[in-house]
Amino acid sequence: MSDINKQGALTEDGTLTGNTATTIFTAVGATWIRSITASDNAAGAPTVTIDKYDGSTAKIIKRVASVPLIFNEPFLLPVGWFIRMTSSNASGLIDWSITYEGPSAAKLR
């Protein structure tokens, strides 16, 4: 098992602009996910769902009825899996951030 504290971490961020499941991260190699955060960027307080997706089955990581959301329990995302985020608001209204290990291990979206 990899020691996630010995490697550098990268942080990427973006904005949800709709209410469909949006891929925010794709693992092209097994990748340690350190944290995922979400906050509303307008006064909408939408529900936010984060899931791991293997291409056929979604496994919910966290769902909150209002943001901010901070998920900081590191986990290993298998090769070919995705991290997706969904807002309950039709306009999205969510700014997100994900921190992960190694630039060669994965790509954003």
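For the reader, a short list of remarks on this structure follows.
- Its relative contact order, with pairs defined as Cα atoms under 8 Å and 6+ residues apart, puts segment 13-103 at 50 percent.
- Sorting 84-94, 47-57 by their mean Cβ neighbour count within 10 Å, with the most densely packed peptide first, gives 84-94, 47-57.
- Stretched out straight at 0.36 nm per residue, the stretch from residue 53 to residue 30 would grow longer than its current Cα-Cα span by 6.9 nm.
- Anisotropy class of segment 8-57 from Cα gyration tensor, a/c 1.5 cut: oblate
Laboratory data are not the source of any read-out in this text; all were calculated from the coordinates shown. Everything numeric in this text was worked out from a predicted model, so none of it was measured. Don't worry about glycine lacking a Cβ; one is built from the backbone with ideal geometry, like all the others, and counts go over all protein chains shown.
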